[in-house]
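As structure tokens, the structure follows; a few thoughts come after it.
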Amino acid sequence: MPAALRLAAAIFLFCISTICCLEDGTVPDFSNASPAALPYFTQVFYDRFSNFSESFAVEISQHLGFCIKDPKKDWNGAFNFSSDLEFVSDCITDTDGDLTQRLCTAAEIKLYFNSFFIDGGNNDFLRPNKNCNTTSWVSGCEPGWACSVVEGQNVHIKDSANIPSRTQNCRPCCEGFFCPRGITCMIPCPLGAYCPRAELNTSTGVCDPYNYQLPPGQTNHSCGGADRWADAGSNSEIFCPAGFFCPSTVRRVFCSSGYYCRMGSISEKRCFRKNSCKPNSANQNITLFGALLMVAFGTSVFLTLIWWYSNFKSNFENTTAPYSLSNSSSITGIGNLLSADMPKADKVLVVERVIESLGLQAVRDCLVGTVEKRGISGGQRKRVNVGLEMVMEPSLLILDEPTSGLDSASSQLLLRALRREALEGVNICMVVHQPSYTLFKMFDDLVLLAKGGLVVYLGAVKKVEDYFAGLGIDVPERVNPPDYFIDILEGIIKPPGINVRQLPLKWMLLNGNYVPPDMQQNLSTVDILEKDCEANDSSGSGDQSAPGEVWDNMADEFQHRGEHLEHKLSKVKDLSNRRTPGILQQYRYFLGRVGKQRLREARIQGIDFLILGLAGVCLGTLAKVNDESFGAAGYTYTIIAVSLLCKIGALRSFSPEKLHYWRERSSGMSSLAYFLSKDTIDHFNTLVKPIVYLSMFYFFNNPRSSILDNYVILVALVYCVTGIGYVFAICFNPGSAQLWSALLPVVLTLIATQQRNSKLLSNLCYSKWALEGFVIASAERYSGVWLITRCGSLMKFGYNIHNWYLCVIVLFAYGLVSRFIAFVCMVTVLKK
């Protein structure tokens, strides 16, 4: 018997012995009771035995408050024999009325208590006392035997200092009582125990079912009663066996068909209707019921999703049809990007204009697509990405290779749309690689960069050829100028007399810019004046005269200004003073967008639910509930599995959309509204995933705790680990985030379950609080004969039966703190 269980047993038995006493500290004598008065004396004994539970509730709460929540309820659950007092009457008759003279006093219980700490709690023998091993060794010192007090001696049960002399009339312990080895008194067995007289097994020489031996050399010594009340792990013989129920401590009844009886049961429990239990069943197999529940739940969820999606889609198409172009992108939050003062009809017109200008009318009702699900083509997706920015009607638009991967027609559509935006006053800067001549002529200004990011040319597109011609670089006929210039800068083409490294230096000298020290050593090789003269000569020898060139430049300038004036007059309103929608309005927009995303990910959600259900089946089957540990092993596996699966599921909320978030945030989007909308939609999984898991685990494992208690703990656990998953998704790349999500639950659970770890370190692990909540919910369902097992196990784990609500609160607090950390990291730490 472990030391922790011995301590719990000693404290509890001490409370029992004190409660057994009378008000004056003496015990009545029933030796002269007549058979007719036996029922009366039996009731008097029981009333005096039970009425003191309230008087000593303080002592019980003080010593066993960590494992007993309601002393009166647990006392009645262990010693409320009012329904069957036959064993008391039989004991009074069997002991010739001196039952009370055989009950243990406080001093004997104290001796019993102190002996538990000899040899570190591994000793099964009591210390010597005046009745056993000091002055004598009577028959009552043997296990299962008890003696009466010496005639004429007054017994004070409250006396914790003096052990009375019990050496007379030794006989076997009464049924329904247990008599420890080394003391000569009796203690009542609790409800849920089965304490008959032992019988000698001639083949083994031990007294069954308690497995103690007869004294050597005493052939006339018969087997007694039970010898101890301990935990289920070290003394399961006193427990009512599985497959039976014991309405009293001396009756054992077979479990009927359609009922099941666990170890220590005082009544039989009916099986579920969808399940049939064979006679003498120790547990009910309700796998079929769980499967039916899972199928019914899955069907209802699937039908709900279909109904929700069909209604949402119809309403969406009837009200905001132009938005359906980017169903899986961030344009659905257009209300966040445009001014809050803009009417809804104007917002629709803005989107219509962008769709038309980009040539996306044919795919306006198609999904853009994701990595897992293909949608529109790559070129169309690139035009959609540009359209996301055009919808905002920004004053500055910076694009990186918008035409890469597009065919000629798509590139022209895109650049024409961007050209129209530029004429409306939008400053557009883009990086392109070797555009066609048609696209090249659509640009106003051009920047050519050499290796190292040095400027070779910065100016109008119309003058770039003249500039290079002045340097002696002429573009051959039928060659695209931008291709030719880039080939020169890359060293592919080497014009005669031209050093590519000198081109940036010539531009610096021409514009009077500062020349870096590392480039000044090349100044001697550059004859800028000579090149200028040659450029003047070459320009003078051209076909076009200087007045003609001036006239062409003026015509181009007038045409450019005319186009600007025309588009300015056609603009509806000035958007420079637009007002961003408030947080609540943005939150509403984001809820709709994230809700639609989750509906489109219904297949992935279904796979998550399926994996959770399979995990519940496997863990419920492999980790059958253990009454001695209150199912701690199964709950440990549950914490690891649910944490891992829910964290990985939470990664999808933020990992794929980091780029979208930073782009929208730069346009005035509220980070708080974005974060809260994601978290709000994920609450669906927080509430549903525990149901999916429990529908399998609970009905395969069948713990004693209620499904409601398990559900509440699982909801708090999922809420906690989802917040931690947010932190991983935001702070790490997808690969590292998945690795952390798989590693952290295992490590924290190992730390929480190792008793040698410090209590502070264990309390920092969320898995400790989840496991404590599960174990407490299960431990509360163990009463009567299980009290010592409950107290010993909770003492071993360091748990407190009053902390169930604290466990739930701590898990939710972890979820809130982790969400706060994730939000702070999202807005301040990482911008990738």
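The values are calculated or read from the model by the stated rules, or taken from the named source; none is laboratory data. Computed from a prediction, not measured in an experiment: that's the story for all the values here. Don't worry about glycine lacking a Cβ; one is built from the backbone with ideal geometry, like all the others, and counts go over all protein chains shown. Ligands, DNA and RNA are excluded from the accessible area calculation, which covers all protein heavy atoms including side chains. Shrake-Rupley method; radii C 1.70, N 1.55, O 1.52, S 1.80 Å.
Residues of the stretch 670-684 being open to solvent by 20 Å² or more (accessible area, probe 1.4 Å) and more than 16 Å from THR580 (Cβ to Cβ), which ones?
Those that are open to solvent by 20 Å² or more (accessible area, probe 1.4 Å) and more than 16 Å from THR580 (Cβ to Cβ): LEU676, THR680, ILE681, HIS683, PHE684.
Surrounded by fewer than 17 Cβ atoms within 10 Å (Cβ to Cβ), at pLDDT 85 or above and within 30 Å of ILE498 (Cα to Cα): is that true of VAL464 in this structure?
In short, no.
List pairs: first in the stretch 177-201 and open to solvent by 20 Å² or more (accessible area, probe 1.4 Å), second of a type in the set (Asp, Glu), Cβ under 9 Å, 6+ apart or cross-chain?
ARG181/ASP124; ARG181/GLU142; ARG181/ASP227; TYR194/GLU237; ARG197/GLU175; GLU199/ASP208; LEU200/ASP208; ASN201/ASP208
Would you say SER762 is open to solvent by 30 Å² or more (accessible area, probe 1.4 Å) and of a type outside the set (A, V, I, L, M)?
Here the answer is no, as SER762 does not meet what is asked.
Table: residues versus (1) over 19 Å from ILE809 (Cβ atoms); (2) touching a strand residue (DSSP E or B) at 6+ places or on another chain (Cβ under 9 Å); (3) hydrophobic (A, V, I, L, M, F, W, C); (4) assigned to a helix (DSSP H, G or I).
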residue	(1), (2), (3), (4)
LEU714	no, no, yes, yes
VAL721	no, no, yes, yes
TYR726	yes, no, no, yes
THR749	yes, no, no, yes
LEU760	no, no, yes, yes
SER767	no, no, no, yes
VAL775	no, no, yes, yes
SER778	yes, no, no, yes
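Consider LEU103 carefully, then state whether it is open to solvent by less than 60 Å² (accessible area, probe 1.4 Å) and modelled with pLDDT under 80. Step through it out loud before you land on a result.
On the way: open to solvent by less than 60 Å² (accessible area, probe 1.4 Å): yes; modelled with pLDDT under 80: no.
Spelling it out, it is not the case that LEU103 is open to solvent by less than 60 Å² (accessible area, probe 1.4 Å) and modelled with pLDDT under 80.
Considering only the stretch 629-667, state which residues are over 21 Å from ILE713 (Cα atoms), of a type outside the set (Phe, Trp, Tyr) and in contact with a helix residue (DSSP H, G or I) (Cβ under 7 Å, 6 or more places away or on another chain).
LEU651, SER653, SER655, HIS660, GLU664, ARG665, SER667
Among (1) at pLDDT below 85; (2) surrounded by 19 or more Cβ atoms within 10 Å (Cβ to Cβ); (3) over 30 Å from GLN585 (Cα atoms); (4) among the charged types (D, E, K, R), where does ASP608 come up short?
(1)
Condition first: among the acidic types (Asp, Glu) and assigned to a loop (DSSP other than H, G, I, E, B). Now tell me which residues in the stretch 382-414 satisfy that.
GLU393, GLU401, ASP407
Going residue by residue through the stretch 620-633, is there one that turns out to be of a type in the set (Ser, Thr, Tyr) and within 24 Å of SER793 (Cβ to Cβ)?
Within the stretch 620-633, one or more residues are of a type in the set (Ser, Thr, Tyr) and within 24 Å of SER793 (Cβ to Cβ).
Just for the stretch 368-394: of the residues that are within 37 Å of the chain's Cα centre (by Cα) and among the β-branched types (Val, Ile, Thr), which one is surrounded by the fewest Cβ atoms within 10 Å (Cβ to Cβ)?
So, considering only residues that are within 37 Å of the chain's Cα centre (by Cα) and among the β-branched types (Val, Ile, Thr), the one surrounded by the fewest Cβ atoms within 10 Å (Cβ to Cβ) is VAL371.
Looking only at the stretch 395-414, which residues are out of contact with any strand residue (DSSP E or B) (no Cβ under 9 Å at 6 or more places or on another chain), open to solvent by 60 Å² or more (accessible area, probe 1.4 Å) and in contact (Cβ under 8 Å) with a residue 12 or more places away in the chain?
If the condition is that a residue be out of contact with any strand residue (DSSP E or B) (no Cβ under 9 Å at 6 or more places or on another chain), open to solvent by 60 Å² or more (accessible area, probe 1.4 Å) and in contact (Cβ under 8 Å) with a residue 12 or more places away in the chain, then GLY405, ASP407, SER408, LEU413 are the ones that fit.
Please count how many residues of the stretch 728-737 are open to solvent by 20 Å² or more (accessible area, probe 1.4 Å), over 20 Å from ASP608 (Cβ atoms) and in a helix (DSSP H, G or I).
2
Just one of the numbered conditions (1) aromatic (Phe, Trp, Tyr); (2) farther than 20 Å from ALA770 by Cα; (3) open to solvent by less than 30 Å² (accessible area, probe 1.4 Å) is not true of TYR693; which one?
(2)
Out of curiosity, is VAL456 part of a strand (DSSP E or B), under 53 Å from the mean Cα position of the chain (by Cα) and within 23 Å of LEU503 (Cβ to Cβ)? Even if it seems obvious, please write down each step before you answer.
Working: part of a strand (DSSP E or B): yes; under 53 Å from the mean Cα position of the chain (by Cα): no; within 23 Å of LEU503 (Cβ to Cβ): yes.
For VAL456, the condition - part of a strand (DSSP E or B), under 53 Å from the mean Cα position of the chain (by Cα) and within 23 Å of LEU503 (Cβ to Cβ) - is not met.
Checking the conditions here, which among SER310, SER329 is modelled with pLDDT under 60 and out of contact with any helix residue (DSSP H, G or I) (no Cβ under 9 Å at 6 or more places or on another chain)?
SER310
Kindly check whether there is at least one residue in the stretch 772-781 that is open to solvent by 50 Å² or more (accessible area, probe 1.4 Å) and within 14 Å of the chain's Cα centre (by Cα).
No, there is no match, as no residue in the stretch 772-781 is open to solvent by 50 Å² or more (accessible area, probe 1.4 Å) and within 14 Å of the chain's Cα centre (by Cα).
Looking at the stretch 468-476, can you tell me whether even one residue there is open to solvent by 80 Å² or more (accessible area, probe 1.4 Å), in contact (Cβ under 8 Å) with a residue 24 or more places away in the chain and not small (Gly, Ala, Ser)?
no
For ALA742, are the conditions met, namely being modelled with pLDDT under 95, closer than 18 Å to PHE820 by Cα, outside any loop (DSSP other than H, G, I, E, B) and touching a helix residue (DSSP H, G or I) at 6+ places or on another chain (Cβ under 6 Å)?
In short, no.
Of all residues in the stretch 415-435 being open to solvent by less than 50 Å² (accessible area, probe 1.4 Å) and either of a type in the set (Ser, Thr, Tyr) or part of a helix (DSSP H, G or I) (or both), which is farthest from LEU510 (Cα to Cα)?
That would be ALA417.
Scan the stretch 623-669 residue by residue and report those that are over 18 Å from the mean Cα position of the chain (by Cα), surrounded by fewer than 22 Cβ atoms within 10 Å (Cβ to Cβ) and farther than 30 Å from ASP231 by Cα.
Scanning the stretch 623-669 gives PRO656, GLU657, LYS658, LEU659, HIS660, TYR661, TRP662, ARG663, ARG665, SER666, SER667, GLY668.
Report, by residue number, each residue of the stretch 137-185 that is basic (Lys, Arg) and in contact with a strand residue (DSSP E or B) (Cβ under 8 Å, 6 or more places away or on another chain).
Of everything in the stretch 137-185, those that are basic (Lys, Arg) and in contact with a strand residue (DSSP E or B) (Cβ under 8 Å, 6 or more places away or on another chain) turn out to be ARG166, ARG171, ARG181.
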